[in-house]
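Structure first, then comments.
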Amino acid sequence: MTNQPQTDPSEPPKAVLVSAMRNEAAFLLEWVAYHRVIGFSRIVVCANPSSDGTDALLAALDAAGAITYLPTEPGPDQSPLEAANAAFEATVGYEDGCWYGWLDADEFMNIHSGSGRVADLPFFCTSDQVTGFAGIGQERPALAPGHGLTHRDFLGGNGRPLLAGDERTEAWLAGKPLGHSNLAAKGEAGAALAQINHCAVRTPEHYRLKQARGRGYVKAGSSGRVRYDERYFSRFDQNEVEDHTILRWEAEVTSEISGLMQVPSVARAQGEANRLIAAELAGLYPEAARKVAPTVAAPPLDAPPVAKDEAGLRIAYLLSALAPSRQFTILDIGANPVNPPRYRRLLEAGGCHVVGFEPQEAAFQALQTDAGPNESYINAAVGKPGKGFLHLYPFSGLVSLFPLSLPSLQFLGRYRRKHRMPPTVEVDLRGIDDIVEITRIDMLKLDVQGAELDILTSGRRKLADAIIVIPELRYYRLYQNEPLMGEVDSELRRQGFVLHKFLPQTRVHLKNSQTARLNTQFVSTQLVDGDAVYIRDMEDITRWSDDQLRFLALAAATVFNSHDLALRCMDHLVARGVLPAECPADYLAHLPAKLLRPVAAVAEIPPALPL
């Protein structure tokens, strides 16, 4: 677990992660394990004295070679962060050829480019592109009102007057320091390459611990506004949008945590930290001790560590209980790995075989590089048979056989100059029914930016035995002449599918005169697009084979979280004598507790009607 110096100049630069901590033992192992997995070559943690065992845990991790631990003690005129920065510069310092990032213990770097590792960040090549990471940014003078200018116009050098008397303008002209803002300009903000997942509040119980700990920017004894109040919790307790992208690392991070917990000193320190945290929570308010379980339980030193993985256990149970006669086959058209697919966990467990089509060469190569034994990828475009032109927009997730509708983008506030005239490449389009590599389809997933209808009509014969289709539906047109939801829905119904559920949908804020005063996270109402799940009509269940019911149960439980549908399929299999009668009830043991009623309340519920 030691870090070796970089000796090969052809290797990518080392990336060093720095943090300042106090009382972070509850989630420290997860934070360290995750950032080691994604490729940080060194992790340096500065910490002032803690009350929850963080110091001992950091010391154990340092002794194991997982991190570098720098104990700090803020002086009378220092904040904890100032003391941490001084300790880092004095003890470790900066090395030529390295990149440095500073994250808090509740922040996780979530990289989308390449394979998702630090070395895949293209903006590590030039520091002036790293906003807020390398400490280099653009300072923009304030512009005089009334001229209709924007900062983008100023950067273009149009020579219009600046705002006279503005402190920042005068400082800039005089060459004086300008100070800094933690807000990026709208044109510079984005998460296409990477984002920081900021777990600002975690749970109400752990937020109470955060309140008790205090702020790292504030000097001891300082008076000032209370930052961590109820308003802060309400503001940052955001649950409106699901983002599963970071879960691609779940298995590797769990394995890394298990490896660290095999070090006896780490296991002992984590166990003591869990005890201290539970005691502190119980002191804050007694009910917390019942609500919050320790994050990582220390196993006996002679026993292998066990990490509970509800989703993994559920998949393993279903594969064993359902015992399909063959593999579940998924056809993924538009397999570009911008985000991990919804079937990822099932694929990793060996529960399905994926045949993917991706016309973009770079995306296809990324798929090929990471492909496992149950994945087959083809570099081809699917659609209405014939010739077509692929519009190569800078963001690969926008690449389409259809050109973007610029009036639509302007209305939605998404227009950019780069959307005007992208390069195009001619491609041969193949219909599903004509592709010999496609021999069976149980589930079809479509992410093709407007070509959904053409693909569905090109595969009516081979889709006749499919039981699930997950298309991306468009509600507000983004591309010229693309079919919208109504047309795609009608075609699927003609083929015998019914709409089962909507998955998370994309909505945008419609800009207006009062936009600056609105919290657009809550006032974004224009529906644009989103995935939906269609299933084969189940009203005549006699038409369904046993394996089709098995596969629908498997996908409902593991791909799109429809546990009632999974149980309905199991009930049908029990009625056919294919599954033991206790199987549906046994499945409940693998569901999160929040999905179940208390046992005492179940007796009051009328029995379900027979199937």
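The values are calculated or read from the model by the stated rules, or taken from the named source; none is laboratory data. Note that the coordinates shown come from a computational prediction; the quantities given were computed from them, not determined experimentally. Please note: Cβ atoms are built from the backbone with ideal geometry, for glycine as well, and neighbour counts cover all protein chains shown.
Annotations
- Close pairs from the range 244-264: first under 12 Å from Glu30 (Cβ atoms), partner acidic (Asp, Glu), Cβ under 8 Å, at least 6 apart: Glu250/Asp309; Val253/Glu30; Thr254/Asp309; Ile257/Glu30
- Taking the range 343-354 as the range and being surrounded by fewer than 21 Cβ atoms within 10 Å (Cβ to Cβ) and small (Gly, Ala, Ser) as the test, the residues that pass are Ala349, Gly350.
- Cross-chain or 6+ apart pairs with Cβ under 8 Å, the range 355-373 first and surrounded by 13 or more Cβ atoms within 10 Å (Cβ to Cβ), then assigned to a helix (DSSP H, G or I): Gly356/Leu367; Glu358/Phe364; Glu358/Leu367; Gln360/Ser396; Ala363/Ser396
- No other residue among Ser376, Ser405, Ser396 is under 27 Å from His509 (Cα atoms) and touching an Asp or Glu at 6+ places or on another chain (Cβ under 9 Å) apart from Ser405.
- Among the candidates Asp531, Asp546, the residue that is modelled with pLDDT of 95 or more, surrounded by fewer than 19 Cβ atoms within 10 Å (Cβ to Cβ), of a type outside the set (Ser, Thr, Tyr) and under 30 Å from Asp489 (Cβ atoms) is uniquely Asp546.
- Residue match in the range 364-374 (condition: among the aliphatic types (A, V, I, L, M) and closer than 29 Å to Tyr476 by Cβ): no
- The residue list Leu453, Leu409 contains one member that is out of contact with any Cys (no Cβ under 8 Å at 6 or more places or on another chain) and either crowded, with 21+ Cβ neighbours inside 10 Å or outside the structural domain of Val354 (by TED's automatic domain parsing) (or both), which is Leu453.
- Condition met for Val559 (assigned by TED's automatic domain parsing to the domain that holds Ile468 and touching a residue at least 24 places away in the same chain (Cβ under 8 Å)): yes
- Selection count, the range 31-47, where residues are of a type in the set (D, E, K, R) and over 22 Å from Leu81 (Cβ atoms): 1
- Odd one out for Asp243 among (1) at pLDDT below 75; (2) in contact with a strand residue (DSSP E or B) (Cβ under 9 Å, 6 or more places away or on another chain); (3) among the charged types (D, E, K, R): (1)
- Any hit, the range 85-94, residues being over 28 Å from Glu250 (Cβ atoms) and among the polar types (S, T, N, Q): yes
- Candidate set: the range 42-63, residues that are without any contact (Cβ under 8 Å) to a residue 40 or more places away in the chain and not in a helix (DSSP H, G or I); chosen: the one surrounded by the most Cβ atoms within 10 Å (Cβ to Cβ): Val45
- Within the set Lys291, Lys308, the sole residue that is at pLDDT below 85, over 23 Å from the mean Cα position of the chain (by Cα) and among the basic types (Lys, Arg) turns out to be Lys291.
- Criterion (crowded, with 19+ Cβ neighbours inside 10 Å and either more than 20 Å from Thr457 (Cβ to Cβ) or modelled with pLDDT under 95 (or both)) met by exactly one of Val399, Val382: Val399
- Among the residues of the range 72-81, those identified as over 19 Å from Leu17 (Cβ atoms) and touching a residue at least 60 places away in the same chain (Cβ under 8 Å) are Pro74, Pro76, Asp77, Gln78, Ser79.
- Exactly one residue out of Leu103, Leu121 is at pLDDT below 80, assigned by TED's automatic domain parsing to the domain that holds Arg42, closer than 23 Å to Glu30 by Cα and crowded, with 16+ Cβ neighbours inside 10 Å: that is Leu121.
- Count - residues of the range 559-598 that are part of a helix (DSSP H, G or I) and modelled with pLDDT under 95: 9
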